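Have a look at the structure below before the remarks.
The values are calculated or read from the model by the stated rules, or taken from the named source; none is laboratory data. Fair warning: this is a prediction, and the values are worked out from it, not measured in the lab. A quick note on method: Cβ atoms are made from the backbone with ideal geometry, for glycine too, and the neighbour counts reach across all protein chains shown. Ligands, DNA and RNA are stripped out before the accessible areas are found, and what is left, the full protein with its side chains, is counted by its heavy atoms. Shrake-Rupley method; radii C 1.70, N 1.55, O 1.52, S 1.80 Å.
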Amino acid sequence: MEYVNLPLLFLVGCALIALLAKKNGYSWYLFFFAIAVPAPLLLLALPHVLGVEIASLTSVRLGAALLLPFAGLLLALRGKR
């Protein structure tokens, strides 16, 4: 199996969500930074909040990394009023 660059994939996914938000009337660059910037900070805070053993679980880290992009996707699909 080929190596997948996950941080690059994360940023490309956030960019696609931001473009979808632009199509629905939102500011794409503010939308991109709102979903992409807090995710690494959340990952850095996990060991302090949950403990090292729980924070090292793959499902916890994946859930934390995809929380804001998923919320951003739901917001981007909703048109601006």
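Before we move on, is LEU74 surrounded by 12 or more Cβ atoms within 10 Å (Cβ to Cβ) and of a type in the set (A, V, I, L, M)?
Numbers: surrounded by 12 or more Cβ atoms within 10 Å (Cβ to Cβ): no; of a type in the set (A, V, I, L, M): yes.
Spelling it out, it is not the case that LEU74 is surrounded by 12 or more Cβ atoms within 10 Å (Cβ to Cβ) and of a type in the set (A, V, I, L, M).
Being under 9 Å from the mean Cα position of the chain (by Cα) and open to solvent by less than 100 Å² (accessible area, probe 1.4 Å) is the requirement here; does LEU66 meet it?
Values: under 9 Å from the mean Cα position of the chain (by Cα): yes; open to solvent by less than 100 Å² (accessible area, probe 1.4 Å): yes.
So LEU66 passes the test.
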